[in-house]
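Readers should treat all values here as calculations from the given coordinates under stated rules, not as data from a laboratory. Worth saying up front: this structure is predicted, and the values here are computed from it rather than measured. Here the Cβ positions follow ideal geometry from the backbone for every residue, glycine too, while neighbour counts run over all protein chains shown.
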Amino acid sequence: MSIASLSRFTVPLASDQSASSQGLLMPKLKYRFRVTFENFGVSGSTTELTKQVASAARPTATFSNNVIEVYNSKINYAGKVSWEPLSIKLRDDVNGNVTKLVGEQMQRQFDFFEQSSSAAAGDYKFTLRVEMLDGGNGNNAATVLETWECYGCYIEKATYGTIAYSEQTPVEIDLTIRPDNCMQTPQGSGIGAVVTRKTGTQAIGS
């Protein structure tokens, strides 16, 4: 009886009475994640960078709103999409691995000594991957619940933070990363969903 009672810990649904007795779905947990970098810096391996991630933001998409003025009102439609900058916090290690990799990527974007920049953005852009995990580790390999892949990334801002005698917390490097495009892959499915596009003449409000 007590277990059956737990199946009612959710919102009753008028349209589907059977769903109201199935209980609440397990949520993804914020601390179960992994961030990987591809083509970041020049050293090759970025595993140490992945291990030193303290926090990360998932992508945010914003569609520009466009307006058509009509007789007595306005009609809105979505314009171009833009992906907001992502914030990544890295713990700065005593071996200098994180500082070295970040420095290499910054130098790829702009040679500070020679005051010289790359001929094309593709020379320095990298791929960022944010994965939500199920908590597995060791003998129980982690299952990826969701993957966000961000393409055409570059470091827009690098903040090396403050240091103080009164603080006992790790030194962190805050990165603001600007992507060109992001794609989400939920567990067990492809990127997004196949959408049947309407053809022919359609009303703007349909």
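Brief remarks follow.
- Translational D in µm²/s for region 23-186 (Stokes-Einstein at 4 °C, 1.567 mPa s, Kirkwood Rh from C-alpha pairs): 71 µm²/s
- Of LYS30/LYS51; LYS30/LYS80; LYS100/LYS157; LYS100/LYS125; LYS51/LYS100; LYS28/LYS80, pairs whose Cα-Cα distance is over 20 Å: LYS30/LYS80; LYS28/LYS80
- Sites excluded, trypsin sites (Lys or Arg not before Pro) in DSSP loops with at most 16 other C-beta within 10 Å, longest stretch of the chain: 33-196
- Across region 59-106, the convex hull enclosing all Cα atoms gives 82 Å³ per residue.
- P(r) for region 141-188, from all Cα pairs and a bin width of 5 Å, is 5, 16, 14, 14, 13, 15, 12, 8, 3, 0 %, short bins first.
- In percent, rounded to a whole number, the relative contact order of the chain is 19, using alpha-carbon pairs under 8 Å and six or more apart.
- Over region 76-148, the fraction of Cα-Cα pairs per 10 Å bin, rounded to whole percents and listed from the shortest bin up, is 13, 26, 34, 18, 8, 0.
- A run of the chain free of exposed loop cleavage sites, with chymotrypsin sites (Phe, Trp or Tyr not before Pro) counted only in DSSP states other than H, G, I, E and B and at most 15 other beta carbons within 10 Å, reaches its longest extent at 114-159.
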